[in-house]
Structures are given as structure tokens and as C-alpha cells.
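K.L.:
Before I ask anything, let me first share the structure, which is written out below as C-alpha cells.
Quick note: the coordinates plus some simple rules give every number you see, no bench work behind them. Values in this document were obtained by computation on a predicted structure and should not be read as measured data. With ideal geometry, Cβ positions are generated from the backbone for all residues, glycine too; neighbour counts draw on all protein chains shown.
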Amino acid sequence: MTGGAGFIGSNFVRYVLEHTEHSVVVLDALTYAANPASLEDLPADRCRLVVGNICDGPLVDRLVGEADVVVHLAAESHNDNSLADPMPFVHTNLVGTYTILEAVRRHGVRLHHVSTDEVFGDLELDDLARFTESTPYQPSSPYSATKAGSDLLVRAWVRSYGITATLSNCSNNYGPRQHVEKFIPRQITQVLSGARPRLYGTGANVRDWIHVDDHSSGVLAVIDGGRSGETYLIGADGERDNRTVVETILRLMDRPEDGYDLVPDRPGHDLRYAIDSTRLRTELGWAPRFTSFEDGLADTIAWYRANEPWWRAQKAEAEARYARTGQ
Ligand code: NAD
Ligand code: TDX
């Protein structure tokens, strides 16, 4: 798999080792977003880390040739970074995915491509509509545009070259081991650092939250039962506006609910994401296990409280980047 030292990747590796008999080889470039500590305690006979870039054709070719299934998660993943400097997103998300596709084509190896609901653009705040597998692509940011492009490359390689590949598009993940640049861990670690949470704009934007372990079980369900060329949406009916999420974090951390700051909005900020996961549930029998967002959030807060050495070094660097835009 690719991207296994990042947030979802490292939780996915743990999920696979716990719930299956498989062994995993992780290809990861260890960018700023990775944390090798996320893999350190795993059994060496079942998880091997190869440090390298998914754009490195010969390396990717060798590793794909040794694999039964390739699960592709490596990406530049943060919208705010993509606004400041889009080039790494074009490189990793497009050229990197192309490099993986050419290797699975040569070796006839099955691919699962992990993607995001952001490829669909956004929904109106007062609309009841949700994204489905047939929603047209209309990405807003350099990040989501490059993820949309990567999905289209996968579909084209299935149709034109006959590779065997499935795709999944998931909503916003939360849980342990997420980089502190992202919304929920940023706010938790603000409070743990004695600072105030930072809410973009008015905090009215809505995200559809899913626990990262439920994303992992969804990906495994698609790998086990999904049909080649098909896309499956993964979501757990977790819609919340950002202000509600910040207030919940403050309450769970015994702080006043109004103890946050409003900061400049993200340019082009998508209003609302919402996933209709009927297909995954009915065709593949998947269901989320974390049905209470508050319980999952409380577990996540407890994890960051107990694991300060894991995140402390990233925090100053991430806040220095936000300071440049006043966010
Ligand atoms: P992340 O930023 O935490 O981790 C990305 C990992 O990929 C890092 O370990 C990084 O070192 C690695 N990587 C980056 N560029 C690389 C390259 N060129 N070669 C090799 N490795 C490279 O991201 P994440 O949040 O864990 O997201 C993982 C995947 O899931 C991405 O494809 C993302 O688009 C998708 N996704 C994320 C979410 C979410 O809420 N975080 C939701 C849906 C889909
Ligand atoms: O400090 C903040 N304050 C704030 O209000 C940050 C970092 C974010 N926000 C807002 C912006 C979004 O409306 O919170 C929401 C979530 O922000 P992010 O964590 O940056 O996530 P988002 O932009 O929604 O994208 C995430 O979900 C889909 C992941 O980062 C993507 O990789 C994934 O594809």
C-alpha cells in the first residue's frame, strides 16, 4: 500500500493487521505529513516500511510486482497547503497515481484507489441533497481537482487498458494519528497547548464526519466485494457544522463553549459535504461501527492527550504555516 505512514494509511495498516491475516508493505516518502512513529510498534514480520516516492517508476514497478493487491492512499491531502503551493499536489496526486497505474497495468495486479468526496464540489447549506456515485465531478480547490484527476485516470486505465481497479470516495475522517494541521486535531491541540481553537469564517460550513476505522472497514469491504471499474461512497451520516464541532470539543475538554476565535475564511471554501452510502451498505453489507460522533471525538481527544510526543514537533511548524495567512 502507499501512504501508510500518514493518518488514514497508518490506521488502515493497523486495521488490516488486526482484522485479516494479510501482511503489508508500505511505500511512503515520509513527507511532512507522515509520522513514522505511527508504524513503529507494529510486528516487523507483517509490516515493512519502504521509504520512497510513488513517482519513482522503477521502485513502484518492483514493489507492485511483489504485491497481491495495491491499496493507494499516498497523496498531498491538505486543502490549505494546496492553495499556498499547488505543485506538489499535481506531482504526487496526478503523476504519482499515473505511476502506480502503469505498474499495475504491467503486472496485472489489482488496485484499490482511495479518494475523497471533495471531487464532487460542494452542496448548498440549506439543501437536503447528498453525494451519490453518479454525482458529477466539480472540484473546487487544487487538492480536490488533483484528486478528481487521479480518479479519472483510474477509470480510464480500467476502460482503455482493462486493469482491475476499484475506487472509494470517503467523507471527512477523524480519529487518532491525524496531522495537527487538520481541523479536529488542530483544535484539540490548541486547547492542550493553552491556546484557543480557530474557526474559519463564521463556522457555518458542514462536513460529514466518519471515524477512520469505519473508513478502513469500508475500504476492506470494497476490496473484498467491489466490482472492477466501480466507485463506492463511504460515509457514516455524520454531518455537523464546524462551529458545533468546535463547541463540542471545548465542552468535552471542560472549557467554555464560546472560547474560540473567528479567523479569515479559506478562499473558495466548500460549504457542505454529505455522503449517501446506500450502495456500500446494500451491495456490500457495510455498516459503520462508530455511530456516536461525540463518543468517537472523546476517544480522539483522549488519544491526543495521552500522545503529546507524537504531535508536539508538528504543532509549531503547522501553526507557523497558518500564521502566514492569519488563520
Ligand atoms: P496524510 O496527509 O495524513 O498522509 C499522506 C501520506 O502520503 C503521508 O504519509 C505522506 O508521507 C505520503 N505521501 C505524500 N506524497 C507522497 C509521495 N509522493 N510518495 C509517497 N508517499 C507520499 O493523508 P490522509 O488524510 O491520511 O489521506 C490519505 C488518503 O485518503 C488521501 O489519498 C486522501 O485524499 C484520502 N482521503 C482523506 C480523507 C480525510 O478526511 N483525511 C477523506 C477522504 C479521502
Ligand atoms: O483551523 C481550522 N479551522 C476551520 O474552521 C481548519 C484547519 C479548518 N477549518 C474548517 C475548514 C473545513 O470547513 O474545518 C473544515 C475541515 O477542514 P480540514 O480538516 O482542512 O478538512 P477539509 O478541507 O474538509 O478536507 C478533509 O476532508 C476531505 C481532508 O483534509 C481531505 O484530505 C479529505 O479529502
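K.L.:
Given the convex hull over the Cα atoms of the range 124-192, what projected area results after averaging over all orientations, in nm²?
P.N.:
In nm², the orientation-averaged hull projection of the range 124-192 is 7.2.
K.L.:
Turning to a different aspect of this structure: Calculate one ³J(HN,Hα) per residue across the range 64-77 by plugging θ = phi - 60° into the Karplus curve 6.51 cos²θ - 1.76 cosθ + 1.60, and present them in order as whole Hz with x for glycine and proline.
P.N.:
Values per residue, Gly and Pro as x: 5, x, 9, 9, 8, 9, 10, 10, 9, 10, 4, 6, 7, 10 Hz.
K.L.:
Can you compute the equivalent ellipsoid semi-axes for the range 16-106, i.e. the square root of 5 times each eigenvalue of the Cα gyration tensor, sorted largest first and rounded to whole Å?
P.N.:
Equivalent ellipsoid semi-axes, largest first: 24, 18, 10 Å.
K.L.:
Ordered by residue, what ³J(HN,Hα) values in Hz, to whole numbers, does the range 259-271 give under the Karplus form 6.51 cos²θ - 1.76 cosθ + 1.60, where θ = phi - 60° and Gly and Pro are x?
P.N.:
x, 10, 10, 8, 10, x, 6, 6, x, x, 3, 4, 6
K.L.:
Using Cα pairs closer than 8 Å and at least 6 residues apart in sequence, work out the relative contact order for the chain, in percent.
P.N.:
18 percent.
K.L.:
Here is a further query. Given a 10 angstrom Cα cut-off, can you work out which residue in THR300, THR166, THR31 is the most mobile in a GNM of the chain?
P.N.:
Of THR300, THR166, THR31, the Gaussian network model singles out THR31 as fluctuating most.
K.L.:
Taking only the alpha carbons of the chain, what extent do you get along each of the three principal axes, in Å, biggest first?
P.N.:
56, 43, 37
K.L.:
Turning to a different aspect of this structure: Once amide H atoms are placed 1.01 Å from N in the peptide plane, what residues at a sequence separation of 5 or more from VAL50, or on another chain, have their amide H within under 5 Å of its amide H?
P.N.:
Long-range HN contacts for VAL50: VAL26, LEU27, ASP28.
K.L.:
Here's something else I'd like to know. Let me check against my output: what whole-number percent is the relative contact order of the range 192-327, with C-alpha pairs under 8 Å and at least 6 apart?
P.N.:
36
K.L.:
Take PHE7, PHE293 and order them by how many other Cβ atoms sit within 10 Å, fewest up front.
P.N.:
Least crowded to most crowded, the residues run PHE293, PHE7.
K.L.:
Sum up the charges of everything whose Cβ sits under 12 Å from the Cβ of LEU153, counting Lys and Arg as +1 and Asp and Glu as -1, but leave LEU153 out.
P.N.:
+2
K.L.:
I would also like to ask the following. In whole percent, what relative contact order does the range 116-246 give with Cα contacts below 8 Å and a gap of six or more residues?
P.N.:
Relative contact order here is 30 percent.
K.L.:
Going by Cα centres, the range 135-149 and the range 243-303 are how many Å apart?
P.N.:
For the range 135-149 versus the range 243-303, the Cα centre distance is 22 Å.
K.L.:
Still on this structure: Less than 11 Å Cβ to Cβ from PHE89, Lys/Arg counted +1 and Asp/Glu -1: what total charge do the surrounding residues give?
P.N.:
With Lys, Arg at +1 and Asp, Glu at -1, the neighbours total -1.
K.L.:
Follow-up question, since we're still on this one. If one computes P(r) from the Cα atoms of the range 228-308, what percent of pairs lie at distances over 17 Å?
P.N.:
Roughly 64 percent, once rounded to a whole number.
K.L.:
Additional query: With Cβ to Cβ distances under 11 Å as the rule, what net charge do the other residues near ASP122 carry (K, R +1; D, E -1)?
P.N.:
-3
K.L.:
Quick check of the Kirkwood formula: for the range 55-139, what is the inverse mean of 1/r over all pairs of different Cα atoms, in Å?
P.N.:
Computed over Cα pairs of the range 55-139, the Kirkwood hydrodynamic radius comes out at 14.9 Å.
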